Amino acid sequence: MGQRLSELGFTVMTGGGPGLMEAANRGAQEAGGHSVGCNILLPAEQRPNPYLDHWLTVHYFFVRKLLLIKYSYGFVVLPGGIGTLDELFESLELLQNKKILDFPLVLLGKDYWRLLAALLQEMVEAGTIDAANLELLLITDSVDEAMAHIRTHAIEKFGLRAHTTPH
């Protein structure tokens, strides 16, 4: 995913830690793209992964969420825990309340996100959220489908062009 986002001309920005974040940053770097991390101080210290061109460390989750949203044209959300859900729901809330516009959200891993998708559909049926709030949400297993969604809802929507100067 990091490689493919870099090939579209995006800087890949993650939480800067290990696991899937590290994999995304590594993919970006190995593709010759930019790789950035927004690390956070935690009791069990999270260290910046070795595939970051730049990183900063923050003390509070709300600061990290603000930075991730402010400097993004969309999110690709990989399987994760409470922090991942917090960041996902923050972006959904900002979309719902029109604080951010046209912000594609891709959840990669249909099986992993199956229960969340069912909950969101149940919320639509209960009238607690509007179906329109989920229009920019794509749940897929296909990197190609994810890239097409991002191309349509970020690159074409905003008229973005790849920056080709090497870092």
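Any read-out appearing in this document is the output of simple, stated calculations on the displayed coordinates, not a laboratory observation. What you see is a predicted model, and the numbers here were worked out from it, not measured in a lab.
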Quick check: the angle from helix 61-70's long axis to the longest principal axis of the chain, C-alpha only, nearest 10 degrees? 90
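Got the relative contact order for segment 1-59 handy, in percent, Cα pairs under 8 Å and 6 or more residues apart?
On the way: 132 pairs, mean separation 20.4, N = 59.
The value is 35 percent.
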Using just the helices of the chain, give the 222 nm mean residue ellipticity in deg cm²/dmol: DSSP H runs with n ≥ 4 each add -39,500 (n - 2.57), and the total is spread over all residues, rounded to 500. -12000 deg cm²/dmol
With a ≥ b ≥ c from the Cα gyration tensor eigenvalues, square-rooted, and the rule rounded for a/c under 1.5, otherwise prolate when a/b > b/c and oblate otherwise, segment 87-163 is oblate
Tilt of helix 82-96 relative to the longest C-alpha principal axis of the chain, in degrees (0 to 90, nearest 10)? 60
Candidate lysines for bridging to residue 98, where Cα separation is under 20 Å - those fewer than 8 sequence places away on the same chain excluded: 65, 70, 157
Could you give P(r) for segment 60-126, binned at 5 Å from zero, as whole percent values over all Cα-Cα pairs? 4, 15, 25, 28, 18, 9, 1
A chain fully extended from residue 131 to residue 102 at 0.36 nm per residue, minus the present Cα-Cα distance, gains in nm 8.9 nm
Relative contact order (percent, whole number), segment 42-167, Cα cutoff 8 Å, 6+ residue spacing: 24
